[in-house]
Amino acid sequence: MKYILPGMGASSKMYFGPWHELKDCRFIDWPPYNGEKSIHDLAVRLIEKYRMSQSDLLIGSSLGGMVALEISEVLGSSKVFLIGSAINPREISLLSKTGMQLTGRSLVRASQFICSFSKNNKVY
């Protein structure tokens, strides 16, 4: 199974058109907050909710990529694809747009820094 996780503030709607031609895919929407205090907590919750296994392929954008890496770490898998930038302004949440304007920094830099701590931090 392929699990596809959106970025923060986005939903599975960001994956439209050709994405739905992929076989054996499950497009994940973020569950309501349930007391998770870390990316690890969220990863464990998603693993349990969707019954993810080591043989699954994880695909994620932005925060979804960070969560996918953590799921991979917990499951002992190395099947992760990280998807890059949005191609249309409607794909970026208002919160992200505001954050970029206020800080003058790309949220990608923060994501890259956080992902650099993963044991499986190979970039292809």
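The values are calculated or read from the model by the stated rules, or taken from the named source; none is laboratory data. Remember, it's a predicted structure, so these values are computed and weren't measured experimentally. Backbone-built Cβ (ideal geometry, glycine too); neighbour counts: all protein chains shown.
Within segment 83-96, can one find any residue that is modelled with pLDDT of 75 or more and surrounded by 17 or more Cβ atoms within 10 Å (Cβ to Cβ)?
Scanning segment 83-96 turns up at least one residue that is modelled with pLDDT of 75 or more and surrounded by 17 or more Cβ atoms within 10 Å (Cβ to Cβ).
Just need a number here: residues in segment 57-82 that are under 22 Å from ALA10 (Cα atoms) and charged (D, E, K, R).
Counting residues in segment 57-82 that are under 22 Å from ALA10 (Cα atoms) and charged (D, E, K, R) gives 1.
Of all residues in segment 4-44, count the ones that are within 14 Å of LEU63 (Cβ to Cβ) and in contact (Cβ under 8 Å) with a residue 12 or more places away in the chain.
Residues that pass the stated criteria total 18.
State all residues of segment 37-70 that are under 17 Å from ILE83 (Cα atoms) and more than 13 Å from the chain's Cα centre (by Cα); if no residue qualifies, say none.
Result: ASP56, single match.
Counting only residues that are of a type in the set (D, E, K, R) and closer than 19 Å to VAL80 by Cβ, how many does segment 1-19 have?
Residues flagged as of a type in the set (D, E, K, R) and closer than 19 Å to VAL80 by Cβ within segment 1-19 amount to 1.
I'd like the residue in segment 2-19 that is in contact with a Ser or Thr (Cβ under 8 Å, 6 or more places away or on another chain) and at pLDDT 90 or above and, out of all such residues, is surrounded by the fewest Cβ atoms within 10 Å (Cβ to Cβ).
If we take residues in segment 2-19 being in contact with a Ser or Thr (Cβ under 8 Å, 6 or more places away or on another chain) and at pLDDT 90 or above, then ILE4 is surrounded by the fewest Cβ atoms within 10 Å (Cβ to Cβ).
Output yes when any residue across segment 65-77 is surrounded by fewer than 17 Cβ atoms within 10 Å (Cβ to Cβ) and in contact with a helix residue (DSSP H, G or I) (Cβ under 7 Å, 6 or more places away or on another chain), and no when none is.
yes
Inspect segment 20-36 for any residue being under 20 Å from LEU82 (Cβ atoms), aromatic (Phe, Trp, Tyr), surrounded by 13 or more Cβ atoms within 10 Å (Cβ to Cβ) and within 12 Å of the chain's Cα centre (by Cα) and give the result as yes or no.
Yes.
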